[in-house]
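Accompanying notes for the structure given below.
Rule-based calculations on the coordinates, nothing more; no lab input. None of these values were measured; they are calculated from a predicted model. Here the Cβ is made from the backbone with ideal geometry for all residues, glycine too, and neighbour counts use every protein chain on show.
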Amino acid sequence: MPSQLMQTEVRLAQPGKFDLVANSLSDPPEGEARIRIRRIGICGTDIHAFHGRQPFFEYPRILGHELAAEIVALNGPSELITGDLVTVEPYLNDPNSPASQTGKTNCCESLQVLGVHIDGGMRSEINVPISKLHRAASASVDQLALVEMLCIGCHAVNRSQSNKVDNALILGAGPIGLSALSFLQTRTKNIAVADLDEGRLQFCREAFDVEHTIKVTPGESLERSLREAFGGRLPDVIFDATGNRDSMLSSFEMAAHGGRIVFIGLFQGRVEFDDPNFHKRELTLMASRNAVSAEFKEVIQAMESGQINTDPWITHRLHLDEVPERFGDVISSPKLRKAVIHLDT
Ligand SMILES: [Zn+2]
């Protein structure tokens, strides 16, 4: 006899307006688990959706894709058990798609991201595929809410194949740049971070011990500062975490000959570059989108072993019931790094 659970949902009805509603949730279908949400990380996508700036976004939508949760019920075989603390890999792919079959589940042709393309986790409980759950051994619920965001940086660093001989530059010290920085520091010591904002650079020096930080002035080349940081050389690998066209274009002029460029940030439009320069340097250009399953395990492991430090991240907290009233204020706070929604106290 199927049962229905009454629960609280926070729905983004239209840009700028959340509704708190009671709704029912059915038992999980075959292959899915019901999880009780404990924490929800707020990220750039949620902020863009709130402001009505997320392209192709449909309202109403339940946001929430950075989830820490506890398993309540499982409908299918699994090594997981009820009560396990988990995070959710929110990239729901079609296992039969060509990309999925080559292991690229992160960019499957019919990918649906929970909380973006379909309703996400800003609610008491949700049913999700068991295969998309990743268990913590000792990570806290706060840490589990940071896993998805850190996976974005982890995937970009894995794409770059960075190693200890590389000089590496990160353009943009927002959450995505910092998440790449966390993993890059496990690969190489030779890192520079560039940003327009001195406060963000100061944070990189203090919280992440970054030696070389470069304040960007629009229109001015970073070449001299980069050569100073890297003993006269240019960076072998550049991560763009700005999604700004000018920043992305500047990376082609700053990469060492034979270098790699990874675009993590997304620019909504065309980016045209000079082919003779691209060829002369024999550059490799990569996009980085989402992350794969193994990286969720990698991130949890790195947190649990202390290889990456998650202490500096969470700056703001609010309760699910407070979202309609406080969300706008929280995301416009100048001190915001990561806000986390609580469903318990
Ligand atoms: Zn996110």
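Structural remarks
- The trypsin sites (Lys or Arg not before Pro) of the stretch 259-334 that DSSP puts in a loop, and whose beta carbon has at most 10 other beta carbons within 10 Å, are R270.
- For the pair the stretch 84-130 and the stretch 28-49, the centres of their Cα atoms are 10 angstrom apart.
- Restriction of the GluC sites (Glu not before Pro) in the stretch 266-345 to DSSP coil positions whose beta-carbon has at most 16 other beta-carbons within 10 angstrom yields E272, E282.
- Using alpha-carbon coordinates, inclination of helix 198-208 to the longest axis of the chain, degrees: 80 degrees
- Using the rule -39500 (n - 2.57) for each DSSP H run of four or more residues, divided by the residues of the chain, the 222 nm mean residue ellipticity is -7500 deg cm²/dmol.
- Span per principal axis, largest first, for the Cα atoms of the chain (Å): 70, 42, 38
- Put in line by how crowded their Cβ is, counting other Cβ atoms within 10 Å and starting with the fewest, R233, R36, R61 read R233, R36, R61.
- Long pairs among K297/K335; K189/K215; K104/K280; K189/K338; K164/K215; K215/K280, criterion Cα-Cα beyond 23 Å: K297/K335; K104/K280; K189/K338; K164/K215; K215/K280
- Looking at the stretch 169-234, the GluC sites (Glu not before Pro) that sit in a DSSP loop and have at most 11 other Cβ atoms within 10 Å of their own Cβ are E220.
- Computed over neighbours whose Cβ is under 15 Å from that of M303, the net charge equals -3, Lys and Arg +1, Asp and Glu -1.
- A cut-off under 10 angstrom between Cβ atoms defines the neighbours of A168, and their net charge, with Lys, Arg +1 and Asp, Glu -1, is +1.
- Whole-percent P(r), the stretch 151-287, all Cα pairs, 5 Å bins from 0: 2, 11, 23, 26, 24, 11, 3, 0.
- Calculated log₁₀ intensity ratio I(q)/I(0) where the Debye formula runs over C-alpha points of the stretch 79-137, q = 0.16 Å⁻¹: -0.57
- Ranked list, fewest to most other Cβ atoms within 10 Å of each Cβ, for C151, C107, C43, C204: C107, C43, C204, C151
- On the beta carbon distance between V271 and L80, with R0 = 35 Å, the FRET formula returns roughly 0.25.
- All aspartates and glutamates inside 12 Å of K17 as judged from Cα atoms, apart from same-chain residues fewer than 8 positions distant: E325
- Neighbour-count ranking [beta-carbon atoms within 10 angstrom, fewest first] of V88, V10: V10, V88
- The local environment of D197, defined by Cβ-Cβ distances under 15 Å, has a net charge of +2 under the rule Lys, Arg +1 and Asp, Glu -1.
- In range of the label at A99: residues from the stretch 260-276 whose backbone nitrogen is under 16 Å from the point 7 Å along Cα→Cβ: 263-267
- Two numbers describe the Cα atoms of the stretch 103-229: Rg and Dmax, which are 17.7, 53 Å.
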